[in-house]
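The values are calculated or read from the model by the stated rules, or taken from the named source; none is laboratory data. For clarity, every value in this text was computed on a predicted model and none was experimentally measured. Glycine also receives a Cβ, built like all others from the backbone with ideal geometry; neighbour counts cover every protein chain displayed. Ligands, DNA and RNA are stripped out before the accessible areas are found, and what is left, the full protein with its side chains, is counted by its heavy atoms. Shrake-Rupley method; radii C 1.70, N 1.55, O 1.52, S 1.80 Å.
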Amino acid sequence: MSKFKFTVGPWNVHTGADSYGPETRQPISLEAKFAKFAELGFSAVQFHDDDVVPNMNDLSEEEIKAEARKVKAMLDKYGLAAEFVAPRLWMDSHTADGGFTSTSAADREFAMWRAYRSIDIARELGCDLIVLWLAREGTLCAESKSPVTATKQIVEAINNMLRYDDTIRVCIEPKPNEPIDRSFCGTIGHVMGVSAATIDPKRVGANLESAHAVLAGLDPANEIGFALAFDKLFTVHLNDQNGIRYDQDKSFGVENLRQAFNQIKVLCENRYWEKGYVGLDVKAMRTTSDEDSYEHLKNSLEIFKALEEKAARYNYDYADKLIAERKFEQLEMYTMNLIMGLV
Ligand code: GLO
Ligand code: MG
């Protein structure tokens, strides 16, 4: 039995389209995804604002809330909670150059409108968390934006959200690049800096994604630990990534098992299960068939739970003794033997 509660987004079961080719699988309805998520043992669902209300740009504020209530009823039917809502600012024609840091004042206003509507949607779904994956808050042309102005714009956008709703929590999901060249908020360290500069730092935290840390050349477990040290890890997006290349969202643990183990180890040592959900931001391979559309989720859960069981068996007395004697070769081998199933 896992101590953790798991979440996933509707985008994690997708049609296989990528930048270079069309769909390879049939689309699946939101309700069918909910049914399967519940069956697989997920406790909650993560949303983009327009996963909940697809044509939201064309609706009034009251109409948006009414649509969100329909999705809440669907979640209730399957015993699922909502974990967070993320304004999908990177898909819209208004935000080609970013949202909060766009060079156009009208686009920046649009981005705030979507952020406020995301809060309204979250409230209708019964959750208090907004995730900002700042996808296009950066530059394609380095000279097009001032990094000082842009950083202040991000802080001010979050302040506006905190003022709009007195108890909403906001967390940034940092990523160093893709789809932009240079991101303004690329690592957990950046997120902690932005959080500290807001009007209510306790309500501003981080969502660490394993693949994004790897893309930044950093260790995901250390990034998790950095946020935990400030009590600012509001959620996680666990997955895997084969080094510094395009964002891969592979099943958790399939590329680097020791790195995956250490992410679970630091989560367990800090009783993260009392603080937040474990989100799996994983994607199926393009070659996956329709009938295997959920296999990557099953695999990620299975690997997480197997490694959680190993983390629970970690012999801290033995490890402490080796640490005191600086026998790090033996400590490393003990860890590897545990992961390999040899102790
Ligand atoms: C992409 C991100 C993306 C976000 C999701 C929630 O690199 O990981 O999947 O997590 O859109 O905002
Ligand atoms: Mg993510």
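For a distance above 22 Å, tell me the whole-number percent of Cα pairs in the range 40-130 that qualify.
Of the Cα pairs, 28 percent sit more than 22 Å apart.
Relative contact order for the chain: what is it in percent, counting Cα pairs under 8 Å that are at least 6 residues apart?
Relative CO of the chain lands at 15 percent.
Could you tally the net charge around residue 242, taking each other residue with its Cβ under 12 Å from the Cβ of residue 242, Lys/Arg +1 and Asp/Glu -1?
Around residue 242, the charge tally is -2.
Filter the chymotrypsin sites (Phe, Trp or Tyr not before Pro) in the range 1-46 down to the DSSP loop ones having no more than 14 other Cβ atoms within 10 Å, then list what survives.
20
Pairs of alpha-carbon atoms within less than 8 angstrom and 6+ residues apart define the contacts here; what relative contact order does the range 1-80 have, in percent?
33
Carbon and sulfur atoms: what percent of the 1.4 Å accessible area of the range 145-297 do they account for?
Here carbon and sulfur together make up 49 percent of the probe-accessible area.
For the range 1-60, just the Cα set please: Rg and Dmax, both in angstrom.
14.1, 45
Using only Cα positions of the chain, each an equal point scatterer, no hydration layer, compute I(q)/I(0) via Debye at q = 0.09 Å⁻¹ and quote the log10 values to two decimals.
Result of the Debye calculation: -0.49.
Can you pull a Stokes-Einstein diffusion coefficient for the range 96-239 at 20 °C (1.002 mPa s), Rh from Kirkwood over Cα pairs, as a whole number of µm²/s?
141
Can you list residues whose amide H is under 5 Å from residue 205's amide H, if they're 5+ apart or on another chain and H is modeled 1.01 Å from N?
Answer set, sorted by chain and number: 170, 171, 172.
Over all alpha-carbon pairs in the range 142-223, figure out the percentage whose distance exceeds 16 Å.
Summing the P(r) of the range 142-223 above 16 Å gives 53 percent of all pairs.
Hey, can you find the accessible area per residue of the chain for me, probe 1.4 Å, expressed in square angstrom?
Per-residue value: 45 Å².
Sum -39500 (n - 2.57) across every DSSP H segment of at least 4 residues in the chain, then divide by the residue count to get the 222 nm mean residue ellipticity, nearest 500. It would help to have the intermediate numbers written out before the result.
On the way: 12 runs with 150 residues, N = 343.
After summing the helix terms and dividing by residue count, I get -13500 deg cm²/dmol.
Largest first and in whole Å, what are the equivalent-ellipsoid semi-axes of the range 193-343 based on the Cα gyration tensor, each being the root of 5 times an eigenvalue?
25, 24, 14
Pairs to check: 5/321; 33/250; 3/72; 33/202; 265/327. Give those whose C-alpha atoms are more than 28 Å from each other in this structure.
Among 5/321; 33/250; 3/72; 33/202; 265/327, the Cα-Cα distance tops 28 Å for 5/321; 33/202.
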